[in-house]
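Chemist: First, the structure itself, so that you have it in front of you.
Each value in this text was obtained by applying a stated rule to the coordinates, not by laboratory testing. Just so we're clear, the structure is a prediction, and the values are computed from it rather than from any experiment. Every residue, glycine among them, receives a Cβ derived from its backbone with ideal geometry; neighbour counts consider all protein chains shown.
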Amino acid sequence: MYIEVYSIDVPSKAVEGQELSLSTFLHNHSSYTCSVRASVQVFKGSEVISDFWLMPYEGGNLSPGGFKEFSGTITMPDGKAKVRVWSWYYASDGKWHSDEHEDVDIALMSMEEALEIVKVSTGVR
């Protein structure tokens, strides 16, 4: 492992169709500066329903020991979702290579539960 998926920040539950912000930090464990990227897959059960590069798409250089943030949005499916973030590095062979992945689960929340959260947070009864 050269490029670690250090953290993934995304809500732990959401309603169907809700757009969710996602951010992740990659950490360079190698002893040299390298070009890195991050991608995400969204699963509903065992099916991949979305697969894309996080912003910035072109990646960036990451110094030894350094961190770089990537971000994007996903849309909550109509059931429990698993988000998988992959780290990538550009190697001397002229190709991008996946290095590591981490997963985060997102529970499906009912509209009633979401409305209750809004009521509590705003003080509305």
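Chemist: Report the residue count in the range 57-79 for those that are within 15 Å of Cys34 (Cα to Cα) and either in contact with a helix residue (DSSP H, G or I) (Cβ under 8 Å, 6 or more places away or on another chain) or not aromatic (Phe, Trp, Tyr) (or both).
Modeler: First pass over the range 57-79, keeping only residues within 15 Å of Cys34 (Cα to Cα): 58-69.
Those still in the list that are either in contact with a helix residue (DSSP H, G or I) (Cβ under 8 Å, 6 or more places away or on another chain) or not aromatic (Phe, Trp, Tyr) (or both) too: 58-66, 68-69.
So the count comes out to 11.
Chemist: Sort out which residues of the range 57-95 are of a type in the set (S, T, N, Q) and either under 12 Å from Val42 (Cβ atoms) or touching a residue at least 40 places away in the same chain (Cβ under 8 Å) (or both), and write them in order of number. Show your work before the answer.
Modeler: Applying the first criterion (of a type in the set (S, T, N, Q)) to the range 57-95 yields 61, 63, 71, 73, 75, 87, 92.
Residues satisfying the conditions are Ser71, Thr73, Thr75, Ser87.
Here's the yes/no breakdown for (1) within 11 Å of the chain's Cα centre (by Cα); (2) over 28 Å from Ala14 (Cα atoms); (3) polar (S, T, N, Q):
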site: Ser46; (1), (2), (3): no, no, yes
site: Gly65; (1), (2), (3): no, yes, no
site: Thr75; (1), (2), (3): no, no, yes
site: Ser87; (1), (2), (3): yes, no, yes
site: Ser92; (1), (2), (3): no, yes, yes
site: Glu100; (1), (2), (3): no, no, no
site: Ile106; (1), (2), (3): no, no, no
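Chemist: Which one of these is touching a Pro at 6+ places or on another chain (Cβ under 7 Å) and among the hydrophobic types (A, V, I, L, M, F, W, C): Ile49, Ile8, Ile74, Ile3? Steps first, please.
Modeler: Details: Ile8 fails: touching a Pro at 6+ places or on another chain (Cβ under 7 Å); Ile74 fails: touching a Pro at 6+ places or on another chain (Cβ under 7 Å); Ile3 fails: touching a Pro at 6+ places or on another chain (Cβ under 7 Å).
Answer to the selection: Ile49.
Chemist: Based on this model, can you work out whether Asp103 counts as acidic (Asp, Glu), surrounded by 14 or more Cβ atoms within 10 Å (Cβ to Cβ) and within 19 Å of Tyr6 (Cα to Cα)? Can you show your working first?
Modeler: Details: acidic (Asp, Glu): yes; surrounded by 14 or more Cβ atoms within 10 Å (Cβ to Cβ): no; within 19 Å of Tyr6 (Cα to Cα): yes.
Answer is no for this residue.
Chemist: Further question on the same structure: Can we say Leu54 is in contact (Cβ under 8 Å) with a residue 60 or more places away in the chain and either under 18 Å from Ser98 (Cα atoms) or under 18 Å from the mean Cα position of the chain (by Cα) (or both)?
Modeler: Working: in contact (Cβ under 8 Å) with a residue 60 or more places away in the chain: no; either under 18 Å from Ser98 (Cα atoms) or under 18 Å from the mean Cα position of the chain (by Cα) (or both): yes.
No, not satisfied.
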